Amino acid sequence: AMLRASLRQVSAALKEGHVTPTELCQRCLSLIKSTKFLNAYITVAEESALKQAEESEERYRRGQPLGVLDGIPIAVKDNFNTAGIETTCASNMLKGYISPYNATVVQKLLDQGAVLLGKTNLDEFAMGSGSTDGVFGPVRNPWSYSRQYKEKSVPKSHSEDEESNWVITGGSSGGSAAAVSSFTCFAALGSDTGGSTRNPAAHCGVVGLKPTYGLISRHGLIPLVNSMDVPGILTRCVDDAAVVLGSLAGHDPKDSTTIQENFKPFELPNLTDVSKLSIGIPKEYHAPGLSSEILALWSKAADLFKNAGAKVIEVSLPHTRYSIVCYHVLCTAEVASNMARFDGLEYGHRSDMNKSTESMYAATRREGFNDVVRGRILSGNYFLLKQNYENYFVKAQKVRRLIANDFVKVFGNGVDILLTPTTLSDAAPYMEFIKEDNRTRSAQDDILTQAANMAGLPAINVPTALSERGLPVGLQFIGRSFQEKQLLTVAKWFEKQVKFPMIQLEEVKRHDHGVFRHQKSASFS
């Protein structure tokens, strides 16, 4: 019951002495072991986590806890640098790499007394929307093993039930979403470049917050697309997301793109009157491929606001239809630039090929990167060629400005919050998902989320209901730039109205014989 509580509830229990940080940490570590088959963690830092828990316990004993997060077990996506703990980006290129420093967000959490349990699984270098393309194998959605899903799904045979019927987590922060959803931690960090926090949050039935670009430091987050990357927050309720945001937000001298002024953490008020709110419904988000189930849920949510007295209006974001193509050009161009640092000289994998420096570079990158990463590097370099630069990269930057201006106009006309779907459907079965290539899947899955990244706006997924298959479905709220308090307050009100059911995980011990025998799963360091 303690592991199913909210972050604030556990913090109160720690203060009152109902549980100690060490007991809490041990319970989480035990659950990580029994849910190892989910493949949510790449590295579990058992030793250092228990040491941090003991230090937290001593602070509580003295009556001097560091804050709400003191003693709270958390997890971090494996593309954030962590001193003393391996950072792999789920790639052969960085296997065995241990960073000499902590990412700013990791350091801030540790400074608040949080207990870092380990590093979570992802698509290689965060390039994907299923958490299926990492070198350590795919992440399994905890809801695949829930009573709600099992009651609705009818397998053709027992063996299919065990091995073919499980569903993906979404991505690329699938490990973090699965970790929070399966109660192995109370909050987790993801990264969000085109929806990589909100997408898995929707599929795993958790809250996924992508803050305004520049509100949280990117220092120590291994970059994918510098102009769009944002550290994301995954929790089980909106209030908890606000707590974590309060600990992470603010200026960082090591990241010149962060806001200059200090950020004041806030407590979310309980909204009772929504009559002064104006909710925008963007008609372009009724996208091809949107399931009738999600469309009905979106419509129902709009009616919920309308019946409560809010003004609900249809709005237009006319350049949305160009956003996926624009995003592909800008994303791959920045990827090509960022991936140039992995050359086998300074850190990471280095090939044994020693005929020449050039052959060593080529062999290192061929061996270190998977097809998805190499494909994006190739596309990006093509768009950046001298003869293509104006026609592709510069044009895409202009379209990005038009997309951002669409949001400015809508918010300028009095709309407070935009309400949209987060994903086109509920989570796909793994065997179905891998039939399509990564680029096609990412283009489909990012369609409703990546415009917020291009405009730099805050957005949050709120788990809303279960689909006919017994799987989570979420809706997305997009707010004005740096208006996280308003966004989260509205999201909290909505969360309270919909009363999303808690996952009922069935007995999981029978899976412990290691479904990923051919891959490294969580390593206990």
- Query: Hey, any hits in the range 488-496 for a residue that's of a type in the set (A, V, I, L, M, F, W, C), in contact (Cβ under 8 Å) with a residue 24 or more places away in the chain and open to solvent by 30 Å² or more (accessible area, probe 1.4 Å)?
  - Reply: no
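Please find, among Thr235, Thr193, Thr197, the residue that is surrounded by 24 or more Cβ atoms within 10 Å (Cβ to Cβ), of a type in the set (S, T, N, Q) and over 18 Å from Ala451 (Cβ atoms).
On the way: Thr193 fails: over 18 Å from Ala451 (Cβ atoms); Thr197 fails: over 18 Å from Ala451 (Cβ atoms).
After ruling out the rest, the residue left standing is Thr235.
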- Query: Within the range 68-125, how many residues are basic (Lys, Arg) and buried (at least 24 other Cβ atoms within 10 Å of the Cβ)?
  - Reply: 2
- Task: Tally the residues that are open to solvent by less than 80 Å² (accessible area, probe 1.4 Å) and touching a strand residue (DSSP E or B) at 6+ places or on another chain (Cβ under 9 Å), restricting the search to the range 256-283.
- Result: 10
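Do we have Ser323 as assigned to a helix (DSSP H, G or I), crowded, with 16+ Cβ neighbours inside 10 Å and of a type in the set (Gly, Ala, Ser) here? Step through it out loud before you land on a result.
Numbers: assigned to a helix (DSSP H, G or I): yes; crowded, with 16+ Cβ neighbours inside 10 Å: yes; of a type in the set (Gly, Ala, Ser): yes.
Answer is yes for this residue.
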- Across (1) buried (at least 16 other Cβ atoms within 10 Å of the Cβ); (2) free of Cβ contacts under 8 Å to residues at least 24 places away in the same chain, Thr422 clears everything bar (2)
- Task: Filter the range 457-502 down to residues that are of a type in the set (Lys, Arg) and out of contact with any Asp or Glu (no Cβ under 9 Å at 6 or more places or on another chain) and give me whichever is nearest to Gly214 (Cα to Cα).
- Result: Lys485
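Report yes if Glu55 is more than 29 Å from Asn141 (Cα to Cα), among the acidic types (Asp, Glu) and either open to solvent by 40 Å² or more (accessible area, probe 1.4 Å) or touching a Ser or Thr at 6+ places or on another chain (Cβ under 6 Å) (or both), otherwise no.
yes
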- Checked the range 364-398 for anything of a type outside the set (Gly, Ala, Ser), under 26 Å from the mean Cα position of the chain (by Cα) and closer than 23 Å to Ala455 by Cβ; matches are Arg376, Gln397
- Task: Kindly list, by first and then second residue, each pair from a residue in the range 465-482 that is at pLDDT 95 or above to a residue that is open to solvent by less than 10 Å² (accessible area, probe 1.4 Å) and among the small types (Gly, Ala, Ser), limited to pairs with Cβ atoms under 6 Å and residues at least 6 apart or on different chains.
- Result: Leu471/Ala427; Val473/Ser467; Gly474/Ala202; Leu475/Ala301; Gln476/Ala459; Phe477/Ala491; Ile478/Ala452; Ile478/Ala459
- What number of residues in the range 120-158 are in a helix (DSSP H, G or I), at pLDDT below 95 and more than 20 Å from Pro472 (Cβ to Cβ)? 1
- Query: Would the range 428-450 turn up any residue that is surrounded by 24 or more Cβ atoms within 10 Å (Cβ to Cβ), modelled with pLDDT of 95 or more and out of contact with any Ser or Thr (no Cβ under 8 Å at 6 or more places or on another chain)?
  - Reply: no
- Query: Gly171 passes all but one of (1) in contact with a strand residue (DSSP E or B) (Cβ under 9 Å, 6 or more places away or on another chain); (2) modelled with pLDDT of 90 or more; which number fails?
  - Reply: (1)
- Can you spot a residue in the range 159-173 that is of a type in the set (Ser, Thr, Tyr), open to solvent by 10 Å² or more (accessible area, probe 1.4 Å) and outside any helix (DSSP H, G or I)? yes
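The values are calculated or read from the model by the stated rules, or taken from the named source; none is laboratory data. Values in this document were obtained by computation on a predicted structure and should not be read as measured data. Cβ: placed from backbone, ideal geometry, glycine included. Neighbour counts: every protein chain shown. The protein model used for the area step is the full one, side chains on, heavy atoms only, and it has no ligands, DNA or RNA in it. Shrake-Rupley method; radii C 1.70, N 1.55, O 1.52, S 1.80 Å.
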